[in-house]
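To start, the structure under review is shown below, and the notes come after it.
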Amino acid sequence: MLRIIFGGTFDPIHNGHVTTSLAAFAELNGDVMHVMPSAQPPHRDYPGASAEQRLTMVELAYAGNPQIVAEDWELKRDGPSYSLLTLREMHERWPQDKLIFLLGNDAFAKLDSWYGWQELLNYADLAVMQRLAQDTPWTTAVEELVRTHSNKIHLLDPPNIAVSATELRAAIASNTAWREQVPARVARFIEQQHLYGR
Ligand code: ATP
């Protein structure tokens with residue numbers, strides 16, 4: 001069984017996340033994809049929507065696709081959501097399964113700032129989605145990792161969807177051309193819950 005794990009703040013989840021992750025899931029030939037909002041993002045300011053609201057938006061975004069599971073794994077754990085700890089737990093829970101952690105290149109480019117980053121590949125391969133609108137150069141340590149572990153790092157070229165959650169939150173607050181950047185169900189939820197100043 002091949003499990004793809006897609007983590008993020010998802011504040012909110014948007015078409016960039018959904019379209020590129022589904023393309024990656026198909027390209028990697030995954031059996032199931034766990035889409036997992038992080039609890040307290042270690043690298044970021046505290047998010048605008050609550051953990052429960054972010055999880056609900058993930059559920060709405062992939063609704064109707066039985067292979068995609070909105071995962072509350074990191075929300076149930078106390079403390080910051082370190083990917084290493086989550087991947088290690090997942091590996092212990094499903095020791096027979098192959099895990100691939102999916103992330104955008106902007107995140108991968110700075111992987112060497114992550115907690116325990118050198119151990120990540122003990123538990124999962126990495127699949128990196130190019131993100132042309134946020135092209136970020138790899139650090140020297142990340143370049144070295146790609147060179148030495150090319151069999152465990154999959155470089156993908158998904159459709160280029162130039163949406164970012166930070167820009168989207170500003171667009172929602174000012175009510176400018178934001179609905180087409182998120183799945184329709186997510187747009188309705190944002191309005192119902194008055195998220196991001198709506
Ligand atoms: P922000 O703009 O605030 O940085 P974000 O849009 O990157 O937010 P995150 O929740 O931080 O949203 O992203 C989760 C993961 O999805 C990260 O690995 C990120 O690189 C990736 N990602 C986000 N948007 C895209 C996109 N448009 N195309 C490809 N990957 C993306």
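FYI, it's all coordinate maths here, none of it is from the lab. From a predicted model like this one, the values you see are computed outputs, not experimental measurements. Note that we place each Cβ from the backbone using ideal geometry, even for glycine, and neighbour counts take in every protein chain shown.
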For region 2-162, averaging the sequence separation of alpha carbon pairs under 8 Å that lie six or more residues apart and dividing by its residue count, the contact order in percent is 26 percent
Sites residue 122 and residue 157, calculated FRET efficiency, Cβ-Cβ separation with R0 25 Å, nearest 0.05:
0.40
Note on region 2-162: the mean projected area of its alpha-carbon convex hull, in nm², is 8.9 nm²
Using θ = phi - 60° and the Karplus curve 6.51 cos²θ - 1.76 cosθ + 1.60, what whole-Hz ³J(HN,Hα) does each residue of region 75-91 get, with Gly and Pro shown as x?
6, 7, 8, 6, x, x, 8, 7, 4, 4, 5, 5, 5, 5, 5, 5, 4
Taking the chain as a Gaussian network, Cα atoms linked when under 10 Å apart, which of 113, 164, 21 shows the biggest mean-square fluctuation?
113
Scan region 17-98 for GluC sites (Glu not before Pro) in coil per DSSP, keeping those whose Cβ has at most 16 other Cβ atoms within 10 Å, and list them by number.
none
Amide proton proximity set for residue 102, modelled H, under 5 Å, gap of 5+:
5, 6, 7, 127
Given only helices, namely DSSP H runs of n ≥ 4 each adding -39500 (n - 2.57), what is the per-residue ellipticity at 222 nm of the chain, to the nearest 500 deg cm²/dmol?
-10000 deg cm²/dmol
Once phi for every residue in region 13-30 is put through the Karplus expression 6.51 cos²θ - 1.76 cosθ + 1.60 (θ = phi - 60°), the whole-Hz ³J(HN,Hα) values, with Gly and Pro written as x, are 5, 9, 4, x, 4, 5, 5, 6, 5, 5, 5, 5, 4, 5, 5, 7, 6, x
Within region 130-154, backbone nitrogen closer than 14 Å to the virtual label 7 Å beyond the Cα of residue 112 toward Cβ:
137-149
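Which order do the peptides 147-158, 118-129 come out in when sorted by mean C-beta neighbours inside 10 angstrom, highest first? If you can, show how the numbers build up before the last one.
On the way: 147-158: 13.4, 118-129: 19.1.
Highest mean packing first, the order is 118-129, 147-158.
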